[in-house]
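Visitor: Structure provided below as structure tokens; questions to follow.
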Amino acid sequence: MEILFWLFVKGKEYFLPFESYPWFKKVKVSEIQDVYLNHGHHLNWPSLDIDLELESIENPEKYPMSYKK
């Protein structure tokens, strides 16, 4: 079973699996909800120091991410 979280941005739903976005895995729901959309395409979680472009969520194959524990 894949565990993920849901974002609704500009009328579109995004389902982000924790496997692909591990920075969110151990944070509180309230911290995930503390997100801002800047310039119409840039998501920012200031309390978590996380920034994502909507393009990278919509087309993850164009933006390979690496994560090291």
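The values are calculated or read from the model by the stated rules, or taken from the named source; none is laboratory data. Everything numeric here is computed off the predicted structure, so don't read it as measured data. FYI the Cβ positions are ideal-geometry reconstructions off the backbone, even for glycines, and counts take in every protein chain you see. Ligands, DNA and RNA are stripped out before the accessible areas are found, and what is left, the full protein with its side chains, is counted by its heavy atoms. Shrake-Rupley method; radii C 1.70, N 1.55, O 1.52, S 1.80 Å.
Visitor: Tally up the carbon and sulfur contribution to the accessible surface of region 1-53 as a whole percent, 1.4 Å probe, everything protein left in place. All intermediate terms of the calculation are to be shown ahead of the outcome.
Guide: Working: 2070 of 3830 Å².
Carbon plus sulfur share of accessible area: 54 percent.
Visitor: Continuing with the same structure: Counting Lys and Arg as +1 and Asp and Glu as -1, each charge on the Cβ, what is the dipole of the chain about the Cα centre in debye, to the nearest 20? Present the calculation step by step, with values, prior to reporting the outcome.
Guide: Values: 8 positive and 11 negative charges, 44 e Å.
Approximately 220 debye in magnitude.
Visitor: Per DSSP H run of at least 4 residues, take -39500 (n - 2.57); add these up for the chain, divide by its residues and hand me the 222 nm value, nearest 500 deg cm²/dmol.
Guide: One gets -3000 deg cm²/dmol as the mean residue ellipticity at 222 nm.
Visitor: Another one. Quick check: net charge around Asp49, other residues with Cβ under 13 Å of its Cβ, Lys/Arg +1 and Asp/Glu -1?
Guide: -3
Visitor: I would also like to ask the following. Which value, in nm² and rounded to one decimal, describes the direction-averaged projected area of the C-alpha convex hull of the chain?
Guide: Numbers: hull surface 20.7 nm².
Reported value for the Cα convex hull: 5.2 nm².
Visitor: Looking only at Glu13, Glu53, Glu31, which one moves most when the chain is put into a Gaussian network model with springs between Cα atoms under 10 Å?
Guide: Glu13
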